[in-house]
1. Take A:E47, B:E277 and sort them by solvent-accessible surface of the protein heavy atoms, 1.4 Å probe, largest at the top.
2. Please give the length that would be gained between B:A52 and B:F250 if that part of the chain were fully extended, namely 0.36 nm times their separation in residues minus their C-alpha to C-alpha distance (nm, one decimal).
3. Please give the length that would be gained between B:A430 and B:V155 if that part of the chain were fully extended, namely 0.36 nm times their separation in residues minus their C-alpha to C-alpha distance (nm, one decimal).
4. Residues in the range B:394-411 near a label at B:K331, defined as backbone nitrogen under 20 Å from the 7 Å Cα→Cβ point?
5. Given all pairs of different Cα atoms, what value in angstroms does the Kirkwood hydrodynamic radius of the range B:126-224 take?
6. Charges only on Cβ, +1 for Lys and Arg, -1 for Asp and Glu: so what's the dipole of the protein assembly as shown about the Cα centre, in debye to the nearest 20?
7. Put +1 on the Cβ of each Lys and Arg and -1 on the Cβ of each Asp and Glu in the range B:314-463; which of B:S425, B:L336, B:V385 then has its Cα farthest toward the positive end of the dipole?
8. What is the distance, in nm, between label points placed 7 Å from the Cα along the Cα-to-Cβ direction at A:D102 and at A:Q66?
Amino acid sequence: MTTTNASSETARRPGILVVDDDAGIRENIADLLSTEDYHVVSAADAEEAMRVLESEKIDLMLTDFQMPGRNGVELIEAARKANHAIPAILMTAYLYVYEQIDDERRKDITLLRKPFDADEILREVAARLSNGSTPKN
Amino acid sequence: MTTTSAKNGKDDSPTAQADVNRPQERRPKFSGAAIVIWVVIAGLAILFSVFAVAIGFSAITQPRTFSLMSILLSIAFEAPLAAGVVALIWYSRILGRATVAREVATEALVQSEAKYRELIASAPDGIFVLDEQAKVLDVNGAGEKLFGRSRGDIVGRSFMEFVPEERLSSARAYLADRLEGLRAMELYEATFTAADGKPVHVQLRSQVVRPAGEGLYVVYIVRDVTAQREALRNLVETERWASMGRLASFVAHEINTPLTNISLLTASISRRVTDPEVQERLKKITAQGRIAASITGELLKFSRPGAINPVDTNLVEVIHAAMEQTDGFRKPGVELRDETGGRPVLCTIDPMRIQEVFVNLLKNAYEATPTGRVKVRLEDLGSLVAVSISDTGSGIPPEVQARLFEAFFTTKKKGEGTGLGLAISRNFVASHGGDITVTSEPGRGSTFTVVLPKQAPESNSSA
């Protein structure tokens, strides 16, 4: 678990959890988001992500879809079950796999297709933080 | 079982049933030899009788002169005659039986020959009998069908007349080798030209036959493998595209992650530096990243055309949206003529994908047309609808036309196209159960015609 901008007195900055098995993506998203006024925590898989959710105040989760162990959709479902009803953004390059999942399970998830650029991710993060659990798409 | 066998004097019942439809069997005719024998028998019998009467008469009228010597002389005279008659009757019976046996044998031979002729005639493979000079002596029904010609059009001609020019030397060499006893086990692959000019691909085996006392002949047994070859070719082609699709999909997905990283890092740097020169170069990196992303996007569309999502759509609106989207590609001297008609044409199609097809075709038309006209025409054909996009541009040479819809085939300069636009368009149209065709005249322009069923087939999940 890595915590960027760990200074606790800025607790009112929105907390974002970034989950991806690719270290590059994790670091670069954290790096980019920390240039904005976000508190970013990252995790390499669903298990680590669940531990972060238990220990930190997280306002939004940004997760990869295909990871070793539980996938992104399963992680979001597990988080919601554990009373972490936070907005979620799912990142994937495998759109066709994601589209095979039931509509019902995809309902409150914002999809961010890889490859995406910085503007897109910043826009989606800001949008989900401001309008809570209603995804754009 | 019929009763005819009783009449023909034969009681060989096993074949009797097979004979019902054949001309009635004849009794064996009297041969010349039999007639001569019977004439001799009759002559001897008459002679015997005449002498017997004469001896009897003489014995009654002149009993005194009829001595023991006379009796012995009479017996000596009559006995050989009687023996001759008996022997000849015996011989004639033997001769008669032999004639019957020969007749039966001949009949059996005729039947057997008919049976073998029938077997050859009904053989599923073409059978050609050739002489040493490759002249066709005989052909069966399958052979006629193979060449699409009648027997009269094949027999008497040289077999080589049906071999295409480029295969002639190979076909001649094969026959020559066979006549020398070589290549006996070879399954020779050959191509012939049917009467309609179409090539017929065959596998051929042959047998050289050398009957005693006659000239030799060669039997060609020819199997049509055109359909199998076509099926195999299609299978190989399908497999080739499928593996290319898997490769494209793998490459696209794997490149997406580093592309995302490049884009994120670029943005991160851009937020940390103020130097306008650095900013300018970062913008260039971002632009290049977008190009790379659009290429991986194309690759994914090609490799996974996916399920279509048909909804009730006014096709005319889709065409108009594609026209608007591509208007920036239209050069100043080029007129766009809209012949889609005013009325809506309702179809159940995937509007996103079909719009992309028209966008592709319009972009290509504009690129090929520096001045002149691009025309979009819609024809309502009932259950089908045809949309043609014609330009007055440079046209497409035939060799390019042949490969136009092939993936990664492009005539554009490096960096201007992936060569996937038309391949993707064709996939999209095909998944709607439609087709794209092209006609073109170099120097005068091209017309691409999209024919779509108004009701797209039920989507069969992502392919």
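1. Descending accessible area places them as B:E277, A:E47.
2. Full extension of this stretch gives 59.2 nm more.
3. 94.3 nm
4. B:394-397, B:411
5. Numbers: mean 1/r = 0.0743 Å⁻¹.
Answer for the range B:126-224: a Kirkwood hydrodynamic radius of 13.5 Å.
6. Working: 69 positive and 78 negative charges, 506 e Å.
Roughly 2420 debye for the protein assembly as shown.
7. Selected residue: B:L336.
8. 2.3
The values are calculated or read from the model by the stated rules, or taken from the named source; none is laboratory data. Model, not experiment: these values are computed from the prediction. Reconstructed Cβ throughout: ideal geometry from the backbone, glycine too, with neighbour counts over all protein chains shown. Side chains are part of the model used for accessible areas, which takes the heavy atoms of the whole protein and leaves out ligands, DNA and RNA. Shrake-Rupley method; radii C 1.70, N 1.55, O 1.52, S 1.80 Å.
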